[in-house]
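For reference, the structure discussed in these notes is given below.
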Amino acid sequence: METTRDDNTTENDNIENGHKDGAVAGHEAEEQTLHRRKVKGDSKDHEVEEEVKEVQSIEMIFKDTKVPSWQSQLTVRAFVVSFVLGILFTFIVMKLNLTSGIIPSLNVSAGLLGFFFVKTWTKFLDKSGLLKQPFTRQENTVIQTCVVATSGIAFSGGFGSYLFGMSKVIADQSTTANDSQDIKDPSLSWIIGFLFIVSFLGLFSVLPLRKIMVIDYKLIYPSGTATAHLINSFHTPQGAKLAKKQVKALGKFFSFSFLWGFFQWFFTSGDGCGFASFPTFGLKAYENRFYFDFSATYVGVGMICPYIINISLLVGSILSWGIMWPLIENRKGDWYDKDLSPSSLHGIQGYRVIYTRKETMHFRNILSSAEAKAASFDDQCRTEMFLKDQIPSWLAVSGYVIIAAISTAVLPQIFKQLEWYYVIVIYIFAPALAFCNAYGCGLTDWSLASTYGKLAIFTIGAWAGKDNGGVLAGLAACGVMMNIVATASDLMQDFKTGYMTLASPRSMFVSQIIGTAMGCVISPCVFWLFYKAFDDLGLPGSEYPAPFALVYRNMAILGVEGFSSLPKNCLTLCYVFFAGAIIINMIKDITPNKYAKYIPLPMAMAIPFYLGSYFAIDMCVGSLILFVWEKINKAKADAFGPAVASGLICGDGIWTLPSSILALAGVKPPICMKFLSKSTNNKVDVFLAS
């Protein structure tokens, strides 16, 4: 999948020759924009004109700053800081794993704290006259990559889901499949061995596709983009006037987002409390997950993502939670047992899960209209650097094959129920699913690693069968698949950050490998502390109930019963939507771009089917803000929009850190703000008055 060496040489020469022309073309475009937007006698418009005149590309601002070699980007201090932050972030992710099970993106937090620690250290050395190597944005990116890779294992390792779901503690909470062949209690030794075997495959599976994802498809990767903006702003050289204004805008909205998250926290002392549960469109819509949850993160993501992505999400939300699920719920008692709980996979939840499994992909560049335009100076510089330090395709392919071979031999020794040919089948299909997950994450910032893991549960569990330890085999297969697809999307997210900060792909890949290796040791050790320190770990009502562990085990139990146990017409609907997605993608590919750009993307439409509509509404609000801003003042929106969006994402992301520390310390919010219907409120009043 890589470009040949001769092609690279030609492309790089063309890029170098085009730097000057690109800068001139960019300046001419700015002058034309000024001419179109000029309004005489208006001081505010005049100020905007002056700002636009000062607009330089990010890389033009850094043109006098030397980019260190890829070896120089990998410093000892970077990995020392990464190790310390990796431990801190692993505790945070583990805590969230074992409580709510919802893990936010920590890319931004890692980038900020990495900058803070190293900058403090280098300032001290500089004053002492001992500083030998300055702190660069590339080194900052390496730290961020390593920290996220380390803490990411705490999620993909399944400590709050599939891995802990194998234990006797969770098995005893189920009425079936709780005999010895379907139970494997945690042990530090086999967990570390398992993670080392399966965690590196995802890095090699999509490595040859990095150019396609980042340069050819121009995927957004919102968290990676926001992190890059933040890192670039930290290291902006003195004298860049407009850049300083952009940093100021980022800081302003960063502070607002952080303080907004802090303010919301006071009202979330119980389940369903706080602004995130505000029934924006009424209680009935709220029951169907239609509401605005006041998330600064996804408003910012909506400002970064293309309009068609956000519209596709909204279309998917309306189609699923507005039409399909209410209609299917009306078939309760006919298509499925009316006495089942809403979370049962034999009921409505089965339709939601299966639909998401069968979604297809769109392989066309959604920004293809940009191909007709000259590449910007930034893109030229970044593309040149991204293609400079190539990682050979043979390394990716041979690495995947070697690790897969070792894994195929060793995994059946760890899990006797997981036959070697099950593992081979997983590794044959895993690269395609890893690509799908990385692509989807690039579009919407959502990683559906757990979704693909559940597909492995159903497939391998049904293949192994109930009488041959199918439950444990399904959970183990889920772990293999989740580790591959999760690390693949994380790697591409970090490659996007590296692309925008001129960090070498080689240094990024090495940092990812080192971070993954650290995570394979740190995460099991942190889990072991929780496991030994809390005797009631995994029990309902305890401080750490690990709610998703039982969910994953129940899915595995359902999986061994086969797809025939799913509710009526479930697979039929799955096949219809699978075919529909392919048809939509074909139509989009053969339609002229001026019409195709208005056709929704099936991949983006699929995500709300399972997760709900709330984040899609947040993102559409972000799109609306940007759209209105561009109508009022396009020049200013273009100059400051990315900074504002990044500030919203970063501030909310950083708030995750203190909120998690407060939770670890047992500090709970003082207020529960909950919204009730009139009838429910009357019942509460009567109860309180009695």
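The values are calculated or read from the model by the stated rules, or taken from the named source; none is laboratory data. This structure is a prediction, so every number in the text was calculated from the model and none was measured. Glycine gets a Cβ as well: all are built from the backbone with ideal geometry, and neighbour counts include every protein chain shown. Accessible surface is based on the protein model in full, side chains and every heavy atom, while ligands, DNA and RNA are left aside. Shrake-Rupley method; radii C 1.70, N 1.55, O 1.52, S 1.80 Å.
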Residue-level accessible surface for residue 169, protein heavy atoms, 1.4 Å, Å²:
50 Å²
Using the alpha-carbon centroid of each, what span in Å lies between region 141-190 and region 67-96?
23 Å
Accessible area of region 444-542 with a 1.4 Å probe: how many percent of it is carbon plus sulfur?
60 percent
Which whole-angstrom value gives the distance between the alpha carbon centres of region 608-639 and region 377-455?
32 Å
Once phi for every residue in region 594-604 is put through the Karplus expression 6.51 cos²θ - 1.76 cosθ + 1.60 (θ = phi - 60°), the whole-Hz ³J(HN,Hα) values, with Gly and Pro written as x, are 5, 9, 4, 5, 9, 8, x, 8, x, 4, 5
Tabulate in residue order the Karplus-calculated ³J(HN,Hα) for region 426-431, using 6.51 cos²θ - 1.76 cosθ + 1.60 with θ = phi - 60°, rounded to whole Hz; enter x for Gly and Pro.
4, 6, 6, 8, 4, x
Given H placed on each backbone N at 1.01 Å, which residues far from residue 672 in sequence or on other chains put an amide H within less than 5 Å of it?
269
Residues other than residue 174 with Cβ under 14 Å of its Cβ, Lys/Arg counted +1 and Asp/Glu -1, net out at -1
Here the FRET efficiency for residue 390 versus residue 680, based on Cβ atoms and R0 = 60 Å and rounded to 0.05, is 0.45
Leaving ligands, DNA and RNA out of it, report the carbon-plus-sulfur percent of the accessible area of region 145-299 at a 1.4 Å probe.
63 percent
Using a probe radius of 1.4 Å on heavy atoms only, what accessible surface per residue do you get for region 131-211? Whole Å² is fine.
26 Å²
Would you mind pulling out the separation of the Cα centroids of region 500-518 and region 238-312, in Å?
30 Å
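Express the accessible area of region 509-573 per residue in Å², computed with a 1.4 Å probe while the remaining protein chains stay in the model.
Details: 2590 Å² over 65 residues.
Value for region 509-573: 40 Å² per residue.
Quick one: net charge of residue 333's neighbours, Cβ under 13 Å, K/R +1, D/E -1? Walk me through the numbers before you get to the answer.
Numbers: positive: 331, 332, 338, 568; negative: 329, 334, 337, 339.
Local charge sum for residue 333: 0.
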Local net charge near residue 469, Cβ-Cβ under 12 Å (Lys/Arg +1, Asp/Glu -1):
-1
What full-extension length gain, to one decimal in nm, is calculated for residue 63 and residue 244 as 0.36 nm per residue of separation minus the Cα-Cα distance?
63.6 nm
